[in-house]
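Enquirer: Structure in structure tokens, see below.
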Amino acid sequence: VGNYKRTVKRIDDGHRLCNDLMNCIHERARIEKVYAQQLTEWAKRWKQLVEKGPQYGTVERAWCAFMSEAEKVSELHLEVKGSLMNEDFEKIKNWQKEAFHKQMMGGFKETKEAEDGFRKAQKPWAKKLKEVEAAKKAYHAACKEEKLAISRETNSKADPALNPEQLKKLQDKVEKSKQDVLKTKEKYEKSLKELDNATPQYMENMEQVFEQCQQFEEKRLRFFREVLLEVQKHLDLSNVASYKNIYRELEQNIKTADAVEDLRWFRANQGPGMSMNWPQFEEWSADLNRTLSRREKKKASDGVTLTGINQTGDQVSQPNKHSSSLSVQSNTVQSVQSSYNPFEDEEDTGSTVSEKEDNKIKNVSSYEKNQSYPTDWSDEESNNPFSSTDANGDTNPFDEDTPPAMEVRVRALYDYEGQEQDELSFKAGDELTKMENEDEQGWCKGRLDNGQVGLYPANYVEPIQ
């Protein structure tokens, strides 16, 4: 009696299992999303590094094919995430809502119906069982009383002190107990027979309710199997035609890499086969022959264009990647890494790229493909920085081209990361001291509060009023 509660509990377990399956699918969808984001960030970062690096030609295109593969696979995994959440997750949620109906007083309607059905089917039989138990108890008590009466009568016969009247009472007690045993035994057997007669109907009624519970559970089990098969189809990218095409295309791109073709291209564009600009007679021009400051000379010889703006988008669209200017790679890497957060919109926190790995990425190559090289040359063994073109020796190499100005406190308007050792780095809002006025190239000399002295772009700061 009451063991049907295990079957009733299974209904509540079915509702909880729906929640568990939804949570399981949701976590997998979140993993798919994070993986897709990480693939995209990886492809974006390395595509920029490879395009700016020294690799060229068909091998470069083969290398970049891996980034294209990552972007396409990322899209597929985002589709998997969408299928899991928009189809499978919602399907379970809707089925659960239709299969389980909550009551105002708590619990589910299906649970209460099963509970009431089992209790109603078991109530008549349980009542007869209770009668059987009571009859059995009465019968066993009568047997015990009979045994006790017989024992007393036996002992009294050996006792000469008892008068005949007392002995007669003991004998009557034995007789009465025997009758009680027969009566209770008959009642016990009768109630047991009635219980046995009621058992088939009881089993039929109980099985009827049990089958209803079985049918309800069968629907859930079949539904779970159906959903799991759909989840398997959504996760199995091996049967997706576009997934196979991605790696077929990747293999083709790698096989198209041709060392001979790349060497021929390098010879034609960077070697003896490139167009020559032989020296020709040039007329004098005031603009071309103006005196350059030491800062301008240094920048011209390095062939570096220093800006605080990311130039990568324009450079990719340029047909000639091997220009004479050099975009600052560290700014590009920092801009990519600052937006890198694969766990955005998720509860989890953390990052998969450490600062040490960032530094490694910044130094991925010793030079870049669009780097220009100084054209100044000399047949002397070494250049003497102290040599003077002035015959009288009046020139002082330590003199600045611009006269010193009074020191002025300024505030940074934007973040600036120094690109060379003699440049300052600061954040927007930082204060520093301007030591010299702006030169022709737009650079000022200043001093940070920590004592570091260096150059910085003049338009990155404003005077403090």
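Enquirer: In nm, what is the difference between 0.36 nm times the number of residues separating Lys144 and Lys427 and their Cα-Cα distance?
Expert: 91.9 nm
Enquirer: What is the calculated FRET efficiency for Arg152 to Glu189, with r their C-beta to C-beta distance and R₀ = 22 Å, to the nearest 0.05?
Expert: 0.20
Enquirer: Under a point-charge model restricted to the Cβ atoms of Lys and Arg (+1) and Asp and Glu (-1), what is the dipole moment magnitude of segment 107-208 relative to its Cα centre, in debye to the nearest 20?
Expert: Here the size comes out at about 320 debye.
Enquirer: Another question, then. Please list Cys24, Cys18, Cys143 in order of solvent-accessible area, largest first, computed with a 1.4 Å probe with all protein chains present.
Expert: Cys24, Cys143, Cys18
Enquirer: Additional query: Compute the FRET efficiency between Glu283 and Ile254 as 1/(1 + (r/R0)^6), taking r as their Cβ-Cβ distance and R0 = 51 Å, and round to the nearest 0.05.
Expert: 0.45
Enquirer: In square nanometres, what is one fourth of the surface area of the convex hull spanned by the alpha carbons of segment 167-232?
Expert: For segment 167-232, averaging the hull's shadow over all directions gives 7.4 nm².
Enquirer: Could you give me the ³J(HN,Hα) list for segment 454-463, computed from phi with Karplus coefficients 6.51, -1.76, 1.60 and θ = phi - 60°, whole Hz, x at Gly and Pro?
Expert: Couplings: x, 9, 7, x, 5, 7, 9, 10, 9, x Hz.
Enquirer: For Val59 paired with Glu175, estimate the spin-label separation in nm (one decimal), with each label point 7 Å from Cα along the Cα-to-Cβ line.
Expert: Rounded to a tenth, the inter-label distance reads 12.4 nm.
Enquirer: Using bins 5 angstrom wide from zero, how does P(r) for segment 134-215 break down, in % of all Cα pairs?
Expert: 3, 14, 15, 12, 11, 9, 8, 7, 5, 5, 4, 3, 2, 2, 1, 0
Enquirer: So between Tyr414 and Asn19, what do we pick up on full extension, going 0.36 nm a residue minus the alpha carbon distance?
Expert: So the extension gain works out to 137.2 nm.
Enquirer: For Trp46, what accessible area in Å² do you get when you roll a 1.4 Å probe over the heavy atoms of the protein chains, rounding to the nearest 10?
Expert: 60 Å²
Enquirer: From a point 7 Å beyond the Cα of Asp236 in the direction of its Cβ, which residues of segment 83-98 have a backbone N at a distance under 18 Å?
Expert: Inside the label zone: 83-84, 88.
Enquirer: Here's another thing I want to ask about it. Can you list residues from other chains, or at least 5 along the same chain, whose modelled amide H is less than 5 Å from the amide H of Val461?
Expert: Leu413
Enquirer: State the answer as a single residue: which of Pro457, Gly446, Thr433 lies farthest towards the positive end of the charge dipole of segment 406-461, with beta carbon charges of +1 for Lys and Arg and -1 for Asp and Glu, about the Cα centre.
Expert: Thr433
Enquirer: Could you quote the convex hull projected area for segment 52-171, Cα atoms only and averaged over all directions, in nm²?
Expert: 23.2 nm²
Enquirer: For Asp422, Asp439, what's the largest-to-smallest order of accessible area, 1.4 Å probe?
Expert: Descending accessible area places them as Asp422, Asp439.
The values are calculated or read from the model by the stated rules, or taken from the named source; none is laboratory data. All figures in this text were calculated on a predicted structure; none of them were measured in a lab. Here Cβ is always computed from backbone atoms with ideal geometry, including for glycine, and neighbour counts include all displayed protein chains. These area figures cover heavy atoms from the full protein model, side chains too; ligands, DNA and RNA do not enter into them. Shrake-Rupley method; radii C 1.70, N 1.55, O 1.52, S 1.80 Å.
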